[in-house]
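Only one structure is covered here, and it is reproduced in the block below.
The values are calculated or read from the model by the stated rules, or taken from the named source; none is laboratory data. Fair warning: this is a prediction, and the values are worked out from it, not measured in the lab. As a convention, Cβ positions derive from the backbone with ideal geometry for all residues, glycine included, and neighbour counts pool all protein chains shown. Only protein heavy atoms, including side chains, enter the accessible area calculation; ligands, DNA and RNA are left aside. Shrake-Rupley method; radii C 1.70, N 1.55, O 1.52, S 1.80 Å.
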Amino acid sequence: MRYRLYRAALAAGAALFAIAPASATDLEVAHWWTSGGEAAAVAEFAKAFDATGNKWIDAAIAGAGNTARPIMVSRITGGDPMGAFQFNHGRQAEELIEAGLLQDMTEVATQEKWAEIVRPKSLLDSCTVDGKVYCAPVNIHSWQWLWLSNKAFEDAGVPVPTNWDEFVAAAPALEKAGKIPLAIGGQPWQTTGAFNVLIPAIAGKDVFLKVYKDHDAEAAAGPEIAKVFKAADDARKMSAKSNVQDWNQATNLVITGQAGGQIMGDWAQGEFQVAGQVAGKDYTCLPGLGVNALISTGGDAFYFPKLNDAEKTKAQFVLAKTMLDPTTQVAFNLKKGSVPVRGDVDLAAANDCMKKGLEILAAGNVIPDTNQLNTEDTNNQLNDLFVEFFKTPSLTPEDAQKRFAEIIANAD
């Protein structure tokens, strides 16, 4: 359900401030980055902000976005806002902006020339409402990856797959070797995310856009999406014995060779890095499932609630500037597994998988992230459907597709 927001905005302590070092000010920052790789990445933001003379007060919320977002919204609408908070690029903050509860960050965006350095342009567009910038985009994350354990396939005596069909074909050998072919955690967004990766890989970019951008119910009910549901049926059979909850627990099954692969965003790279694994040697990454080499331009942005404390408001502007500083962008994204939003930074230290993503981005083979296209209400309906689909073998692909088409037909 969409959040019900109070329309009375919190009073702003000061309109706009010059972007200059502030006096030492504590600023509480809420986010859901709690895995090993995520914690290492967010520490880079904290270190850079502390170096400005301010103090990052960490307010991590375990349980990923579905758990964290309602808590954050409740605090803001209840009159107890944090200094900054993480949401995904897209429409998640629409109602907070409409209610006048978020700080206008246009001044820092203009002074720092974000319009010239942030790419793709759609990321800054997602932060912009009625010509005003309300968030600082900090990375580009793509869901479109299949991560494979080289050890698992070696143990099973089969070659590491180069595409989705080869992966499905290798499942029996993996199972015979005591492996889980496909690791998927129990958090609702993981099954929906996997399905949304299958759409452009199996049905293509144009069908993906018809379904999620145009909300074309006929396309959602059509033969190309039927192929996607067939692939999703394969995925639920391959993941039937995956009994972990959190996404990083599923990633760990791949890291330790207990599972053959995982469909997950490139934030999984942070976990491989913390585990000391090397891309191309210990694990293999297939963008677009090895079928269609494209990536989605989703990711994370930070928003800033209106505060009635002038010094904290000034610190919000300093934090926004710091997050897009070139040095900070490189340090954060190399540990996060994501790609910087700045197109002018040196990524010579990028690993093989990140370089693949950069090449795809440079070629323009991109699609919008579903969070940029769907409302939270639509996403929650999809989550409910795919949780049921993956847990209920008796729910046929045909019946699930009918329900999927209905959700798309009624999407905002």
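Within a straight-line Cα-Cα reach of under 18 Å, residue 237 can be paired with the following aspartates and glutamates, leaving aside sequence neighbours fewer than 8 residues apart in one chain: 165, 166, 175, 388, 398, 399. In whole Å, how far is the Cα centre of the stretch 85-110 from that of the stretch 339-412? After rounding, the separation between the Cα centres reads 22 Å. Distant-in-sequence amide contacts of residue 300, defined by a placed amide H-H separation under 5 Å and a gap of 5 or more residues or a different chain, comprise 89, 138, 139, 141.
Using square roots of five times the C-alpha gyration tensor eigenvalues, list the equivalent-ellipsoid semi-axes of the chain in whole Å, biggest first.
Numbers: eigenvalues 261, 117, 68 Å².
Listed largest to smallest, the semi-axes of the chain are 36, 24, 18 Å.
For the chain, the Cβ-based charge dipole about the Cα centre amounts to some 320 debye (Lys, Arg positive; Asp, Glu negative; other atoms uncharged). Under 5 Å between amide hydrogens, built in the peptide plane, is the criterion, and for residue 129 it picks out 134 among residues at least 5 positions away or on other chains.
Computed 3J(HN,Hα) for the stretch 384-394, one whole-Hz value per residue from the Karplus formula 6.51 cos²θ - 1.76 cosθ + 1.60 where θ = phi - 60°, is 4, 5, 7, 4, 5, 4, 6, 9, 10, x, 6, glycine and proline marked x. Here the Karplus relation 6.51 cos²θ - 1.76 cosθ + 1.60, evaluated at θ = phi - 60°, turns the backbone of the stretch 263-274 into coupling constants of 8, 7, x, 5, 5, 4, 4, x, 6, 4, 5, 4 Hz, with x for every Gly and Pro.
Along the stretch 399-408 the Karplus relation, 6.51 cos²θ - 1.76 cosθ + 1.60 evaluated at θ = phi - 60°, assigns HN-Hα couplings of 5, 5, 5, 4, 5, 4, 4, 5, 4, 5 Hz to successive residues, with x for each Gly and Pro.
Looking at the chain, the DSSP beta bridges with both ends there are about 60 percent antiparallel.
Label separation (residue 163 vs residue 412): 4.0 nm, computed from points 7 Å beyond Cα along the C-beta direction. Put simply, the amide H of residue 102, placed in the peptide plane, has neighbours under 5 Å in 306, leaving out anything fewer than 5 places away on its chain. Computed over neighbours whose Cβ is under 15 Å from that of residue 178, the net charge equals +1, Lys and Arg +1, Asp and Glu -1. Highest mean packing comes first when the peptides 203-212, 122-131 are listed by Cβ atoms within 10 Å, giving 203-212, 122-131. A 1.4 Å probe run over the stretch 246-316, with the rest of the protein chains in place, finds 29 Å² accessible per residue.
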